[in-house]
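The values are calculated or read from the model by the stated rules, or taken from the named source; none is laboratory data. Just so you know, these numbers come straight off a predicted model, no measurement behind them. Cβ placement follows ideal geometry from the backbone for every residue including glycine, while neighbour counts extend to all protein chains displayed.
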2 protein chains.
Amino acid sequence: MEIKLRPIAYVQNDRKEAIDDNWEPIISIIELAEDIPETALEGMEGFSHFEIIFYMNQVKDEKAVPQYRHPRNNPNLPKLGTFAQRNKSRPNKLGLTTVELIKREGKRIWVKYLDAIHGTPVLDIKPVLKAFEPKSSIRQAAWVDEIMDKYWSS
Amino acid sequence: MEIKLRPIAYVQNDRKEAIDDNWEPIISIIELAEDIPETALEGMEGFSHFEIIFYMNQVKDEKAVPQYRHPRNNPNLPKLGTFAQRNKSRPNKLGLTTVELIKREGKRIWVKYLDAIHGTPVLDIKPVLKAFEPKSSIRQAAWVDEIMDKYWSS
């Protein structure tokens with residue numbers, strides 16, 4: 001089965017290359033594609049957070065395969081499969097991040113905490129609803145804190 | 001730009017039709033596609049929650065367009081754009097839900113709180129990391145509580 005999708009918007013920001021860390025200072029504009037009307041954004045102000053699904057089009061096809069490797073290629077960390085990691089080299093090249101909405105104006109929204117580089121195509125935007133939050137506390141592998149240490153701020 | 005994706009797994013469960021409510025009792029199996037090796041799931045036990053991105057292939061193409069309508073077609077609620085709603089009639093037909101991992105066995109995982117019907121193709125699976133949780137409290141429109149009242153349990 002082949003699934004064909006189209007960008008509904010594009011990311012604009014100052015991060016031109018994929019760098020792992022220090023995303024917090026980056027403010028991104030998400031601008032709707034030409035064929036998506038402004039009314040698609042109507043009512044977003046009712047919500048503080050949105051989930052952005054994006055397509056990491058700069059990932060090379062030969063890297064977009066199932067992985068079984070050390071996170072960040074650090075041999076001190078256990079080898080993990082693709083679906084136990086969030087790194088960008090993965091089948092379908094999909095990225096997903098929860099952002100804070102700063103403002104909306106015409107066909108554009110301004111958001112914080114989006115870890116997508118300039119020019120990235122966006123596939124969907126969904127409001128965060130409390131009913132979809134985890135219903136139990138989050139448990140993560142012990143080494144995650146270490147690799148995420150500088151992800152947002154340096 | 002056209003983006004071509006392939007299912008990395010499929011959903012198996014007892015929900016054969018798209019119904020809006022009462023998803024909590026549904027336990028789903030997510031089974032990897034033939035071309036995805038079992039090692040892609042290695043290490044998932046280190047995490048309690050996963051985000052599942054799926055393709056709602058039963059949504060008719062003519063409904064997969066930008067919407068501007070009352071949530072659940074209830075005229076008492078304000079009209080909203082596609083990206084201020086999570087309903088299934090949306091461009092690209094993408095679904096996204098945070099699930100709890102119950103167990104892993106071979107090429108299959110068992111999960112709770114997945115609101116996808118039987119046969120749904122899965123496009124990605126990502127572990128929930130604490131660093132990606134919202135960094136401020138979630139605010140949502142006042143009417144959301146009402147429409148989500150029976151979403152999980154009846």
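Does at least one position in segment B:141-152 carry a residue that is within 25 Å of B:K4 (Cβ to Cβ) and over 13 Å from the mean Cα position of the chain (by Cα)? The answer is no; no qualifying residue exists.
Taking the listed residues B:I19, B:I53, B:I30, the one that is within 9 Å of another protein chain (Cβ to nearest Cβ), out of contact with any helix residue (DSSP H, G or I) (no Cβ under 6 Å at 6 or more places or on another chain) and β-branched (V, I, T) is B:I53, with no other qualifying. Could you give me the residue pairs with C-beta distances under 8 Å whose first residue belongs to segment B:138-151 and is more than 7 Å from chain A (Cβ to nearest Cβ), whose second residue is part of a loop (DSSP other than H, G, I, E, B) wherever it lies, and which are 6+ apart or on separate chains? Listed by first residue and then by second, the contacts come to B:W143/B:L77; B:W143/B:P78; B:I147/B:N74; B:I147/B:L77; B:K150/B:D21; B:K150/B:N22.
Taken over segment A:92-106, residues that are out of contact with any Ser or Thr (no Cβ under 7 Å at 6 or more places or on another chain) and either within 11 Å of chain B (Cβ to nearest Cβ) or crowded, with 17+ Cβ neighbours inside 10 Å (or both) amount to 9. Residues of segment A:47-88 being in contact with a Gly (Cβ under 6 Å, 6 or more places away or on another chain) and closer than 21 Å to A:V99 by Cβ, which ones? Answer for segment A:47-88, where residues must be in contact with a Gly (Cβ under 6 Å, 6 or more places away or on another chain) and closer than 21 Å to A:V99 by Cβ: A:F54, A:M56.
Specify the residue that is farthest from the chain's Cα centre (by Cα); the eligible residues are those in segment A:26-79 that are in a helix (DSSP H, G or I) and among the charged types (D, E, K, R).
A:E38
Consider segment B:88-127 and keep the residues that are among the aliphatic types (A, V, I, L, M), assigned to a strand (DSSP E or B) and within 11 Å of the chain's Cα centre (by Cα). The one that is nearest to A:A84 (Cα to Cα) is B:I125.
Is it the case that segment A:53-65 has a residue that's closer than 23 Å to A:E105 by Cβ and either surrounded by 20 or more Cβ atoms within 10 Å (Cβ to Cβ) or modelled with pLDDT of 95 or more (or both)? Yes, that holds for at least one residue. Answer yes or no: is there a residue in segment B:118-136 that is in contact with a Phe, Trp or Tyr (Cβ under 7 Å, 6 or more places away or on another chain), farther than 25 Å from A:N22 by Cβ, more than 8 Å from chain A (Cβ to nearest Cβ) and surrounded by fewer than 21 Cβ atoms within 10 Å (Cβ to Cβ). Looking for residues that are in contact with a Phe, Trp or Tyr (Cβ under 7 Å, 6 or more places away or on another chain), farther than 25 Å from A:N22 by Cβ, more than 8 Å from chain A (Cβ to nearest Cβ) and surrounded by fewer than 21 Cβ atoms within 10 Å (Cβ to Cβ), one finds at least one in segment B:118-136, hence yes.
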